[in-house]
Amino acid sequence: MSVDKRAAHPGREPGFLRDRRGATAVIFAVTLLPLFAFAGLGVDVGIWYTVKRQAQSAADVAALSGAMELAAGKGVAGGPATTDIQNLAKYAAMNNLSANAATSLTVATGCTNAAVNQICVNNPPLFPGSTFTGNSNFVEAILGQAGVSIFSGLVGYTNAPIVRTRAVAGLKAFASCMLALNTTGQDLKNSGNATLTLNNCSFVSDSTSDDSIRFNGGVIMTAAAISTAGGDVINGNSNTVSPPITTNAPAVSDPYAGQITYSLAGLTNKGCSSGGATLQPNFVYGGPCARGSTPPMNFSAGTTTTLCPGVYYLDGEDNQGEAFVISGNGTVVKMGTVTDGCAAGSAGVTIIATCSSGNNCGGGFNVGGTGSNTPTVTLSAPTTAVNAPPLKIPAEILFYQDAAKADTNKGTTTLAGGSAVSLNGVVYTPAGQIGLNGSPSFNGCTELIAGSFIISGTPSMTRPACGVATRSANNVVLAE
């Protein structure tokens, strides 16, 4: 017989009223809302970070573009940012934003708190506490972009945040190791495939021609900075140039113009030298013997030649327009000391290619060779200037080809060979051309200043910190 439990226990609720199993669902539903809200906030924050990354890229390229305009001399350093710098920065930023953001972007200067869809471009930077604040060589870009508020309103964030990003780019100067002084024509070109490496130093061209730097196929050039007062023409797809060439840059003045004076009057002519001895300075080498097939100094055929410190004058050139030649495997040219019969109290040599009269003189310098035909050369310039009128020579001049005395062909200087060739000082041929052939590797205080340059082979230069008087080129770098 069944028993009705409800009748047996009067006053108790029916079972469905006592059932608490549905409370879990209610609690879960109540709890789920803030979970969804915070999950939505996480989605919004992720989108904010995406917007920030995109805006940072836009600010970076804006600062770089403004700095490139400054490097090209189209902006006036010390600002406020000129219209050219502002516009170039703005256009660069627009190319890195969405179409809607790019269309509504405005540009201003003199501000550090960019509004939504605004970019502040300042030269010099104005942001407080920055390393580059007030530095007129740098451009600052501050970009304001709107975040989003898709889900974050559920937890009280009703207004989308302003996402601001900032970047600073500017000009970093690198001492030149190659300076081309010609104001027209091609200041740097290649003859066939070539690789030119300038470590910790720059190449500078004063030519205003549209093709002041011209490469035709297979050229690799790496430097700390590359600049020209003109333009560049890079033909072929196999060229690699790094960093990008700064064109239309301000010209660099000749650091030694008018600073070298000398006289051949009263100096004894020693004739031509074929090496194999200890040579003394303050003499003229060449003359009648150096008007044709023989240069004033021709060190070859495995000889060992010692140059005592001082100034050497070369009068003449061979049929190749060369006044000074070192070549041949086993040939050694080195600096002299007291033990070699040299005078005490001086160091370094300066070799001047000049002309006493007539033609066929004032030629270039040929140092080195290729392959196994490589001499050993160790020559250094004086570290102190000479100022004993009529002789006046700045410190660090190793080779000097006098432009006023050279023939109209201004004989080319050729530097070749490998690491066994050590030249510390300035090779200064202001009206002549320097050709870098083979695989010369200059790792000392070497600077080349010429009218123009032509490269072939794989020449390289690595510039340490040293006292050679130099000019510099600027490379645009992202600093903050």
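The table for this structure:
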| item | result |
| --- | --- |
| Per-residue ³J(HN,Hα) for the stretch 118-126, Karplus 6.51 cos²θ - 1.76 cosθ + 1.60, θ = phi - 60°, Hz, x for Gly and Pro | 10, 10, 8, 10, 10, 9, x, x, 10 |
| Cα gyration tensor, the stretch 319-390 - rounded (a/c under 1.5), prolate or oblate | oblate |
| Sites residue 478 and residue 184, calculated FRET efficiency, Cβ-Cβ separation with R0 35 Å, nearest 0.05 | 0.55 |
| FRET efficiency, 1/(1 + (r/R0)^6) with R0 51 Å, evaluated for residue 193 and residue 278 via beta carbons | 0.80 |
| Residues of the stretch 344-359 with amide N under 20 Å of a point placed 7 Å along Cα→Cβ from residue 319 | 359 |
| With 10 Å bins from 0: P(r) over the stretch 258-411, alpha-carbon pairs, percent | 12, 42, 37, 8, 0 |
| Extension gain (nm, one decimal) between residue 254 and residue 388, 0.36 nm per residue minus Cα-Cα | 46.0 nm |
| For the stretch 411-420, Karplus couplings with θ = phi - 60° (6.51, -1.76, 1.60), whole Hz, Gly/Pro x | x, 5, 9, 10, 10, 9, x, x, 5, 6 |
| Estimated FRET transfer efficiency (residue 216, residue 103; beta-carbon r; R0 41 Å; 0.05) | 0.45 |
| Highest-first arrangement of 61-67, 340-346, 252-258, where packing means the average Cβ count within 10 Å | 61-67, 252-258, 340-346 |
| Other-chain or far-sequence residues with amide H under 5 Å of residue 446's (modelled H) | 425 |
| Spherically averaged projected area of the stretch 175-478 from its Cα convex hull (nm²) | 15.1 |
| Rounded D (µm²/s) - the stretch 371-480, Kirkwood Rh over Cα pairs, Stokes-Einstein at 25 °C, 0.890 mPa s | 159 |
| Cα shape, the stretch 202-250, gyration tensor, a/c 1.5 rule | oblate |
| Whichever aspartates and glutamates have a C-alpha closer than 19 Å to that of residue 405, once near sequence neighbours (fewer than 8 apart) are set aside | 254, 315, 317, 318, 322 |
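Bear in mind that the values in this text are calculations on the coordinates, not laboratory data. Since we're looking at a predicted model, the values are computed, not measured. So basically every Cβ, Gly included, is an ideal-geometry build from the backbone, and we count neighbours across all protein chains shown.
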